[in-house]
Amino acid sequence: MISEYDLDCTNCGESLIKREVTSETLGFDAHGSLEVAECPDCGDRYFPETTLERLET
């Protein structure tokens, strides 16, 4: 199964890296740290399904 970490950034084509950011950084409260796929070149962020599921609750 392909995940966001296997894909390239749709904005600039750079390989994405796995990062953990606080939910407050993303504008959410009380979710702790969340995994995102982030582009080290342009800073775009992509959200894996597991992160989206945590934000739904």
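The values are calculated or read from the model by the stated rules, or taken from the named source; none is laboratory data. Worth saying up front: this structure is predicted, and the values here are computed from it rather than measured. Cβ atoms come from the backbone with ideal geometry, glycine included; neighbour counts cover every protein chain shown. Each accessible area value is taken on the protein alone, full model and side chains, heavy atoms only, with ligands, DNA and RNA left out. Shrake-Rupley method; radii C 1.70, N 1.55, O 1.52, S 1.80 Å.
One table, with the values for the structure above:
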{"read-out": "Within the stretch 24-57, considering residues that are of a type in the set (S, T, N, Q) and open to solvent by 60 Å² or more (accessible area, probe 1.4 Å), the one farthest from Gly13 (Cα to Cα)", "value": "Thr57"}
{"read-out": "Selection from the stretch 1-23 of residues that are in a loop (DSSP other than H, G, I, E, B), modelled with pLDDT under 95 and surrounded by 12 or more Cβ atoms within 10 Å (Cβ to Cβ)", "value": "Ser3, Leu7"}
{"read-out": "Exclusive hit being part of a loop (DSSP other than H, G, I, E, B) and either among the β-branched types (Val, Ile, Thr) or at pLDDT 95 or above (or both), set Asp41, Asp29", "value": "Asp41"}
